[in-house]
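What follows is a single structure, written as structure tokens, with notes after it.
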Amino acid sequence: MQFGTIASGSSGNCLYAGDTDSHLLIDAGISGKRICCGLGSFGVAPEAIDGILVTHEHIDHISGLGVMMRKFGCKVYATEGTIHEILKSKSLGKLPQNCFEAVKPQKKFKIGRIEVEPFKISHDAKEPVSYVLRSGQQKIGMVTDLGYYDDYTVECLKDSDVLYIEANHDIKMLQVGPYPYYLKQRILGNRGHLCNEMAGRLIKELMNDKLKKVILGHLSKENNFPELALETVRLETGLYEGAQLSMFEPQRSEGLQSEDILVAPRDCASELIAI
């Protein structure tokens, strides 16, 4: 399998995962034009997309959904609650309803050779999930937009080859920043977003001999910096000593090293990680 990010952040999210036969998007929270450009940088035609896995209905995860469905006939996989909210959205235009497929947490299904497993997350949306992807012995674990993690989260993500984990905010930056009080409380709450420290603790619980790369995603533009997220997560995982901060530059290594913890670019496509 291969994995890459097309956009990652509080202003828009779209991920790609695929193999030689199957090509998937996870969320479509940017314009259709940007999604197509990102796919082009991966050498994937938008017509080749076999499905879009939607985590939840917030606009930074669905804004390009209508275009992709109408122009390329993309099938959309989401929970019933998420589909209901998507169909209520007026900003997406007219949506072909026969392109929706309802999914349930812990109920696995296949798209081509890729096995997809949705799992529950805690977020202020109707019925949010995240996804684990498997192909043979390869596993990609993804989770963003959750206020906290627990043993269930760890169990779903364990033994991954690649992890894409939310490191949304630095708590101090958020507390002294310009956001109104209610929004700060929402982000800090159990249905909000993971801070840098919690992301690091989750990653530490998930470290194993298989794990090759960790990508930090969904960083807040106002309440975080890539360098700060990297430093904090590396400190929490015990992989900071002697490290040089680096951005998203996938490379192979023996076991997880400090340089294997990366930050997804906000406004452009990453390089593809090959498992």
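For segment 24-122, the carbon plus sulfur part of the accessible surface works out to 50%, probe radius 1.4 Å.
Considering only alpha-carbon pairs that sit under 8 angstrom and 6 or more positions apart, the relative contact order computed for the chain is 18 percent.
On a per residue basis, the chain carries 43 Å² of accessible surface, using protein heavy atoms and a 1.4 Å probe. Note on segment 40-143: with charges restricted to the Cβ of Lys and Arg (+1) and Asp and Glu (-1), its dipole about the Cα centre is near 220 debye.
Note on segment 171-227: percent of Cα-Cα distances in each 5 Å bin, starting at 0 and stopping at the bin with the largest distance, equals 4, 16, 27, 21, 15, 9, 6, 3, 1. Taking 8 Å as the Cα distance limit and 6 or more residues as the minimum spacing, I'd like the relative contact order of segment 20-137 as a percentage. It comes to 24 percent, rounded to a whole number. Given Cβ point charges of +1 (Lys, Arg) and -1 (Asp, Glu) and nothing else, what value in debye, to the nearest 20, does the dipole of the chain about its Cα centre take? Rounded to the nearest 20 debye, it is 940 debye.
Summarising the label geometry, the points placed 7 Å from Cα in the beta-carbon direction at residue 205 and residue 21 lie 3.5 nm from one another.
Each residue, residue 225 and residue 197, gets one label point 7 Å from its Cα in the Cβ direction; the gap between the two is 1.9 nm. Normalising the average separation of contacting C-alpha pairs (under 8 angstrom, six or more residues apart) by the number of residues puts the relative contact order of segment 111-245 at 25 percent.
Extension gain for residue 154-residue 182 works out to 7.1 nm (0.36 nm per residue, less the C-alpha to C-alpha distance). For segment 58-65, 3J(HN,Hα) computed residue by residue from phi via the Karplus equation (6.51, -1.76, 1.60; θ = phi - 60°) reads 5, 4, 6, 10, 9, 4, x, 5 Hz, glycine and proline entered as x.
Our helix-only sum for the chain, with -39,500 (n - 2.57) per DSSP H run of n ≥ 4 divided by its residues, gives a mean residue ellipticity at 222 nm of -7500 deg cm²/dmol. Modelled spin-label separation between residue 137 and residue 59, with each label point placed 7 Å from Cα along the Cα-to-Cβ direction: 4.7 nm. Measuring against 24 Å, Cα to Cα, the residue pairs 33/213; 75/120; 75/210; 75/204; 184/212; 33/90 contain 33/213; 75/210; 75/204; 184/212 as the ones spanning a longer distance.
The values are calculated or read from the model by the stated rules, or taken from the named source; none is laboratory data. Every value quoted in this text rests on a predicted model; they were computed, and no experiment measured them. Neighbour counts are summed over all protein chains in view; Cβ atoms, including those assigned to glycine, are modelled from backbone coordinates with ideal geometry. For the accessible areas, the whole protein counts, side chains as well, though only heavy atoms, and no ligand, DNA or RNA atoms are used. Shrake-Rupley method; radii C 1.70, N 1.55, O 1.52, S 1.80 Å.
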